[in-house]
Amino acid sequence: MEALDILFTASLWAAVIRIASPLIFGTLGELICERAGVLNLGIEGIMTAGAFAGWLTVYLGGGLWMGVAVAALAGAMFGLLHGTLVVPLGLSQHVTGIGVTLLSTSLCYYAYRLVFPEVTSPPKIEPFQPLSVPVLSDIPLLGPALFQQSPLTYLAFAMVVAVSWFLYRTPAGLAVRTVGENPAAAEAQGMNVTTIRILAVMAGSALMGVGGSFITLSAFNSFFFEMMNGRGWICIALVVFSAWHPGKALLGALLFGLFDAYQLRLQQLASAAVPYQVFLMMPYVLSIIALIVMSRRVAYPRALMVPYRKGER
Amino acid sequence: MSAPVLSISRVSKRFGPLLANDAISLEVGPGEILGLLGENGAGKTTLMNILFGHYVADEGEIRVNGKVLPPGEPRAALEAGIGMVHQHFTLADNLTVLDNIILGTEPLWRWRSDHGEARARIRQLSEDFGLAVHPDAVVSTLSVGERQRVEILKALYRQARILILDEPTAVLAPQEATALFATLKRFVARGLSIIFISHKLGEIMDACHRVAILRSGKLVAQKDIADVTRAELAELMVGRLVPQPKAVAQEPGVPLLGLAHVSVRRGAASLRDVMLQVRAGEIVGIAGVSGNGQSLLADVVGGLLPPETGTVQVNGAPLSAISPRLMVECGVARIPEDRHAEGLIGDMSITENVVSEAYRSRFSSHGFIDWSAAAAFARTIIDDYGVKCPGPQARVRLLSGGNMQKLILGRVMNANPCVVLANQPTRGLDVGAVAYVHEQLLKARSNGAGVLLISEDLDELLALADQIAVIYQGQVSPLMARPMVDIGRLGLMMAGQGFIHGEQDHAA
């Protein structure tokens, strides 16, 4: 029974949303890239770059929002690198993406060691504080879960609406979707496929960068190695789970957050007879099951991972 | 003629060693339909792609209303009022008709698109020109004819003054083509100009005011339609007279291929309760508009797709299992629809390709491939079937379409097949190669093979087939003997008349 009681605690749901926040940014970012036809496996490294750049900015005296902006910029720069390699040059998107992840992660660690050659315990910053929404945060259960969160979390939810609006309501969003469906159709309508794809990858990567900065500026208050811990890869799976729709991406991120927050609490309940790794594994197993159920028949962007070369026949 | 709307002067384009366009000059006037006639590979599509900015010409310039068009910029071509309906549609299938049409017509950085106004304009255009299509339908749910209307609406929405149609009737049933011609007449009545690309003489004679003929990249003639006969056009297009092989009457023999109640489904396509019989010494033709289940039928007969229900008989024996190898062993010769994807392996040599169906039996000794026998076989085919190539070691990718098809014919006909499955065997070939393929099919027929010829070209079917059936949405009509076939009725059947399932009218 105790295992069920957990579901009715505000702290669980607050944790769900906290865990989901960086995933929302990352998934939206990846979604924009893939909608434009570019798989961005650089996400793990780009999120790391965002985490590091954002944190370093604040550590060196910049404001927290300045840190977020720098994280977005760092993400966009790695997006530009990835986009340039795979769009006009047409390199393999898989290989390039993994290369970007390795490069970006290693660069961050290297830069960290350059800035802090001799520290043993990671230096700390003053992170974002939870922002209580008046009145709403007093609602039982839901209030503390939804309305006593970091400003970045509110931004994440706003981005779901913004990205949705962008993709489905604006001419630029239509252009992004078309280059991911059939670049020849976009070109026949006078669009520049290369430019649109690169800009989409940069914008998506900027969101990934912001997602990374959530980890160092909100969830924790310092930067350490391996802290991204596969969140980028989860985002890749969430994009498939979402069938490339921002709304479902939010749902997927929350679902993963729920699995993860729940297993953390189950670990404390369970006897020592069950190794804790079983619980650690649970969110991933459930995610795979959810993927199988949700995504077997989805319509993926037709031109995903297909390089476009103008005038080729 | 009044001042030309469009003038192309001395445009040349090379692809490697191939001179695709050789100093071509053309003019189109307002309210004129210019036919651009030529065989496959004559350079028609290349020229239009240069005009539209997909390719950059090596030499020459294009003027619209007297102004030079900057090369290589589709946007500039669009803004100058050129609209292009590509042979292979450039539509994003998962998006709506509306999305496809308004793409790129609004400034990119606006916070929202005005769908309401766009929808109203599309409705208006649809009504004015008789191009019925629902603006909010997703393109993947549309028929081929409807997709073509979307392509035309795309151009009209941008207020195109010059419309280029690249082989627009290739995907249409005869009635749909007639409707298209009526729409084109409405356009020119309003002063638009049209370039109509085709290799079909009849259409050019019916639809155009003037015709320009291209042959191997050169403009060989320009004529007013009133001053020219069909026979003259044919000779200008091909450059010589090509005798069409004639079928000699003969009595059919025993049934060699039989399909009974065959049903199968693959994705959205399906075959429904297909009954079909091909006897020795006859050619059975399957007519139909592209995408009505032809490729499924071919894959069932070729062994690639086991039927879900129903039986397949080859040489009188029902087959319990079906696989491509089994079909080859039963003597089914497969001439596939797509030479590049299913016929040959481009990066392997001619020798490797010709033994690919028999390397386990005929060219194997003690588990090793007998390469000298294989090379000798390749040389036999190259000589007997007149394949133009540097030698048996040449990579297949370097051959022309016609020579690839000769290679496939050689490979499968050499084994004296009992059933020949020919799916669109002459698609994309020049007239000489087409005649050669026809000759080989007739030869197989006189040798006593049963030939199943699936084709979208009615002329081809009427010239070769002893019996014809129509395929529509996966259903196959009963066979009709060729002398009994009435072309008008065949056209109606291709548009779905007389079929039970999914009957619908595409001729609007």
### Query
Considering A:PHE223, A:PHE214, which residue is buried (at least 24 other Cβ atoms within 10 Å of the Cβ), away from every other protein chain (no Cβ under 14 Å) and either of a type in the set (Lys, Arg) or part of a helix (DSSP H, G or I) (or both)?
A:PHE214
### Query
Conditions: (1) within 30 Å of B:HIS199 (Cβ to Cβ); (2) out of contact with any helix residue (DSSP H, G or I) (no Cβ under 7 Å at 6 or more places or on another chain). B:ARG279 meets all but one. Number of the miss?
(1)
### Task
Being under 26 Å from B:ARG186 (Cβ atoms) and within 11 Å of another protein chain (Cβ to nearest Cβ) is the filter; apply it to the stretch B:100-127 and report the residue that is surrounded by the most Cβ atoms within 10 Å (Cβ to Cβ).
B:ASN100
### Message
Can you find a residue that is buried (at least 22 other Cβ atoms within 10 Å of the Cβ), among the polar types (S, T, N, Q) and either within 13 Å of another protein chain (Cβ to nearest Cβ) or out of contact with any strand residue (DSSP E or B) (no Cβ under 7 Å at 6 or more places or on another chain) (or both) anywhere in the stretch B:35-42?
### Response
no
### Residue match in the stretch B:310-318 (condition: at negative phi and assigned to a loop (DSSP other than H, G, I, E, B))
no
### Residue list for the stretch A:151-175, filter: within 14 Å of another protein chain (Cβ to nearest Cβ) and not aliphatic (A, V, I, L, M)
A:SER164, A:TRP165, A:PHE166, A:TYR168, A:ARG169, A:THR170, A:PRO171, A:GLY173
#### Entry: the stretch B:90-99, residues that are at the interface with another protein chain (Cβ under 8 Å from one of its Cβ atoms) and open to solvent by 20 Å² or more (accessible area, probe 1.4 Å)
B:ASP93, B:ASN94
### Message
Go through (1) in contact with a Leu (Cβ under 6 Å, 6 or more places away or on another chain); (2) at pLDDT 90 or above for B:LYS44 and report which single condition fails.
### Response
(2)
### Task
State whether the residues of the stretch B:133-144 include one that is under 22 Å from B:SER198 (Cα atoms) and under 23 Å from the mean Cα position of the chain (by Cα).
yes
### Message
Could you check the stretch B:5-34 and list, in sequence order, the residues that are outside any strand (DSSP E or B) and either open to solvent by less than 10 Å² (accessible area, probe 1.4 Å) or at pLDDT 90 or above (or both)?
### Response
B:VAL5, B:GLY29, B:PRO30, B:GLY31, B:GLU32
### Message
Can you say whether A:PHE147 is over 25 Å from A:GLU30 (Cβ atoms) and without any contact (Cβ under 8 Å) to a residue 12 or more places away in the chain, as far as the supplied structure shows?
### Response
no
### Query
Out of (1) part of a helix (DSSP H, G or I); (2) in contact with a helix residue (DSSP H, G or I) (Cβ under 9 Å, 6 or more places away or on another chain); (3) over 20 Å from B:CYS418 (Cβ atoms), what's the single condition that is false for B:ILE345?
(1)
### Query
Looking only at residues in the stretch A:231-253 that are open to solvent by less than 50 Å² (accessible area, probe 1.4 Å) and out of contact with any Leu (no Cβ under 9 Å at 6 or more places or on another chain), which one is farthest from A:SER11 (Cα to Cα)?
A:ALA243
#### Entry: Members of the stretch B:366-383 found to be open to solvent by less than 50 Å² (accessible area, probe 1.4 Å) and more than 11 Å from B:LEU407 (Cα to Cα), listed by number
B:ALA373, B:ALA374, B:ALA375, B:ALA376, B:PHE377
#### Entry: Neighbours by Cβ (under 7 Å, 6+ apart or cross-chain): first from the stretch A:292-313, within 14 Å of chain B (Cβ to nearest Cβ) and more than 19 Å from B:LEU91 (Cβ to Cβ); second part of a helix (DSSP H, G or I) and modelled with pLDDT of 85 or more
none
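The values are calculated or read from the model by the stated rules, or taken from the named source; none is laboratory data. In this text the structure is predicted, and so the values were computed from the model without any measurement. Quick reminder, even Gly has a Cβ in these numbers, built from the backbone with ideal geometry, and neighbours come from all protein chains shown. Just so you know, the surface numbers come from the protein's heavy atoms only, side chains and all, with ligands and any DNA or RNA stripped out. Shrake-Rupley method; radii C 1.70, N 1.55, O 1.52, S 1.80 Å.
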